[in-house]
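To start, the structure under review is shown below, and the notes come after it.
Every read-out reported here was derived from the displayed coordinates using simple, explicitly stated rules and does not represent laboratory data. Keep in mind the model is a prediction, meaning the values are calculated, not measured. Positions of Cβ are generated from backbone atoms using ideal geometry, with glycine treated the same way; all protein chains shown enter the neighbour counts.
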Amino acid sequence: MRDTRTPDLDRYPELHSRWNRRTFIQGAAAGTALLALGGALYRLAGDDLTRAARAEARKDGRPRLPPGQRVIRQLRNMGGDEGPGDVKSFRLRVHGAVTTPFELDYAALLKLPQAEQSSDVHCVTGWSRLDALFKGVRVSTLAEKAGVKGDVRHVIFESHHGYTANVPFPEATAPNVMVSYRMDGKPFAIEHGAPVRAIVPDLYFWKSAKWLTGVRFVVRDEPGYWEVRGYHNHADPWAEERYG
Ligand SMILES: Nc1nc2c(c(=O)[nH]1)N[C@H]1C(S)=C(S)[C@@H](COP(=O)(O)O)O[C@H]1N2
Ligand SMILES: [Mo]
C-alpha cells in the first residue's frame, strides 16, 4: 500500500524547502482525533455546511450549492485507472488545432504563470466539496502559449489509459479552470490524480480528468469516457445535466 498522506519529497522536489515534517505530524494527529469523534458528528457538520451553502449565492447569482448536492468535507476517492503518479515521468502535451504545439515536463509547468483559486467541486453522485484551494496553470495560459486556431470550439483533457473529458472552449478557458498540482497546499494523492489533474469546477467533477497527459484543442467535439457511457455531454450541475 502506498502511504498517500505523505508527500514524496523525491517526486516533489520543490517541496524540500517548504514542507515542515512537524506540521505534517501535527496535522495527521489532529485528523485522527477528528475521525475518532465518530460518524454522527461528522454527518451533522456536513449537514450544517449543506444548509449554509444552500443559503449562499455565487457572484454570478446562482445558488452556491447546485440542486441535489450535499456538502462533504473531503474529496471522495472515485477511482479510475491510475497513471504512474510521479513527477519525473510527467509530461503534458498541449496540442491539436494550434500553431505551436508543445510538451511540458513538471519543471516547465512550474515555470509558466501560476494561478491559485479557491473553488467548489460537484460530483454527479451528489457530493460537493467547497472551498478547495487549487494551484496550477490556467488552461487559458496554455491556450495562449499554443496559439489556438480561430475555429477551435472544444478542449479535450487526456489522461493515462485513454480517459478523456470534453469541455467547450469558452468554459475550459474560464479563469477558474486549470491543470492543477496542489489542493489546499498539498500534492494530490495518487488516487486523486497525481501529479497533475484538470480542475473544471463549474461542471460535474468527471470533467476534471485525473492523471493528466494532454490538453488538446479541437474544432469538432469528441465526447469523452463518461459522455459515451450515457452521461451528459455538457454536465452543468446547476441544470442537473447528469445523464445524456
Ligand atoms: N483519468 C481519470 N480521471 C477521472 C476519472 C477517471 O476514472 N479517470 N473519474 C472522474 C470522476 S467520475 C470523478 S467524480 C472525479 C473524481 O475525483 P476524485 O477521485 O479525486 O474525487 O475524477 C474524474 N476524473
Ligand atoms: Mo464521478
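Give K88/K145; K145/K210; K135/K207; K59/K111; K111/K207 a once-over and call out the pairs whose C-alpha atoms are over 28 Å from each other.
Values: K88/K145 23 Å; K145/K210 22 Å; K135/K207 17 Å; K59/K111 31 Å; K111/K207 25 Å.
In this structure, K59/K111 lie more than 28 Å apart at Cα.
With θ taken as phi - 60° and the coefficients 6.51, -1.76 and 1.60, list the Karplus ³J(HN,Hα) couplings across the range 174-180 in order, rounded to whole Hz; mark glycine and proline as x.
5, x, 8, 9, 8, 9, 10
Can you run phi through the Karplus equation (6.51, -1.76, 1.60; θ = phi - 60°) for the range 61-76 and list ³J(HN,Hα) in whole Hz, with x for Gly and Pro?
Using θ = phi - 60°, the values come out as x, 6, x, 4, 9, x, x, x, 9, 10, 7, 10, 8, 9, 4, 8 Hz.
Which cross-chain or sequence-distant (5 or more) residues have an amide H under 5 Å from the amide H of V124, H modelled 1.01 Å from N in plane?
Correct list: F205, W206.
Between Y231 and residues 5 or more places away or on another chain, which pairs have amide H atoms under 5 Å apart, with H built 1.01 Å from N, and which residues are they?
It is G244, by chain and number.
Classify the range 114-153 as rounded, prolate or oblate, taking a ≥ b ≥ c as the square roots of the eigenvalues of its Cα gyration tensor: rounded when a/c is under 1.5, otherwise prolate if a/b is larger than b/c and oblate if not. Walk me through the numbers on the way to the answer.
Values: a/c = 5.41, a/b = 1.78, b/c = 3.03.
Oblate.
³J(HN,Hα) across the range 41-51 via Karplus (A = 6.51, B = -1.76, C = 1.60, θ = phi - 60°), whole Hz, x for Gly/Pro?
4, 4, 5, 4, 4, x, 5, 4, 4, 5, 4
Tell me the net charge near A235. Cut-off is 9 Å between Cβ atoms, A235 excluded, with +1 for each Lys or Arg and -1 for each Asp or Glu. Spell out each step's value before the answer.
Details: positive: K207, R242; negative: E227, D236, E241.
Overall, the nearby charge balance is -1.
Which of the three applies to the range 56-122, rounded, prolate or oblate, going by the alpha-carbon gyration tensor with a ≥ b ≥ c and a/c under 1.5 meaning rounded? Walk me through the numbers on the way to the answer.
Working: a/c = 2.46, a/b = 1.67, b/c = 1.47.
Note, shape of the range 56-122 comes out prolate.
What Kirkwood hydrodynamic radius, in Å, does the range 131-244 give when the mean of 1/r is taken over all pairs of distinct Cα atoms and then inverted? List each step's numbers first, then the result.
Numbers: mean 1/r = 0.0709 Å⁻¹.
Result for the range 131-244, one decimal place: 14.1 Å.
For the pair H161 and K145, how long in nm is the line joining their label points, each one 7 Å along Cα→Cβ?
Going by the 7 Å Cα→Cβ label model, 2.8 nm.
Order the peptides 62-71, 192-201, 48-57 from the highest to the lowest mean number of other Cβ atoms within 10 Å of their residues.
192-201, 62-71, 48-57
Quick query: amide H of R64 versus all other amide H atoms, modeled in the peptide plane; which residues come in under 5 Å with a sequence gap of 5 or more or a different chain?
Residues meeting the criterion, in which the H sits 1.01 Å from N, are E56, A57, R58.
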